[in-house]
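Here, each number is a calculation from the coordinates, and none is a lab measurement. Nothing here was measured: the structure is a model prediction, and the numbers come from that model. So basically every Cβ, Gly included, is an ideal-geometry build from the backbone, and we count neighbours across all protein chains shown.
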Amino acid sequence: MRIEQDIFSIRTNGPGLYEFTTQVAGFVKDKNVERGILNLFCRHTSCSLLVQENADPDVQVDLKEFFARLVPQGMDWITHTMEGPDDMPAHIKAAMMPVSLSIPVLEGLVGFGTWQGVYLFEHRVQRHDRQVIAHLTGE
């Protein structure tokens, strides 16, 4: 059994989905693990991780709009406002969505379906440098 780890750095420029499928696939391929499991973990509390369609960019537009409507800025009942009006809505979105993913590795490749990609979903307005830990276990 082998264990491999790395940290992906993802620079964001405001709310939206930031695909890093190529980096994930390259990491798995470089480690020569034929079968196993890849765990991705986001080290932040105001963004999340998704496996989502990567063929039509309208999917990303609609997801961003849906969550902006579901948890908008300016809710007057929020008490955590120290870091700006987008911070608590970002925490709520991250609480609703995954911050870690488990993805199978099959025949040395990440087990994505035809139209699947992996994304960091940024919920903050400001630019951020985000980190995602990759932990690969397999043989």
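Against the chain, whose longest principal axis is taken from its Cα atoms, helix 87-96 shows a tilt of about 50°. Of the peptides 20-32, 77-89, the order by per-residue mean of other Cβ atoms within 10 Å, starting with the highest, comes out as 20-32, 77-89. Summing Cβ point charges (Lys, Arg +1; Asp, Glu -1) relative to the Cα centre of the chain gives a dipole of roughly 260 debye. Think of the stretch 20-138 as having a plus end and a minus end, set by charges on the Cβ of Lys, Arg, Asp and Glu; of Gln126, Gly111, Ile78, Gly111 sits farthest toward the positive end of this dipole.
With unit charges on the beta carbons (Lys and Arg positive, Asp and Glu negative) and the dipole taken about the Cα centre of the stretch 20-138, which residue among Ile37, Ser48, Ser100 sits farthest to the positive side? About the Cα centre, the residue reaching furthest to the positive side is Ile37. With respect to the chain, whose longest principal axis is taken over its alpha-carbon atoms, helix 21-31 is tilted by about 30°.
According to the Cα-based calculation, Rg over Rh for the chain is 1.02, with Rh computed by the Kirkwood formula. Relative to the longest principal axis of the Cα atoms of the chain, the long axis of helix 58-70 lies at roughly 40 degrees. For Gln116, nonlocal amide neighbours, meaning residues 5 or more places apart or on other chains whose placed amide H falls under 5 Å from its own, are Asn54. Under the criterion of Cα pairs below 8 Å and six or more residues apart, the relative contact order for the chain equals 56 percent.
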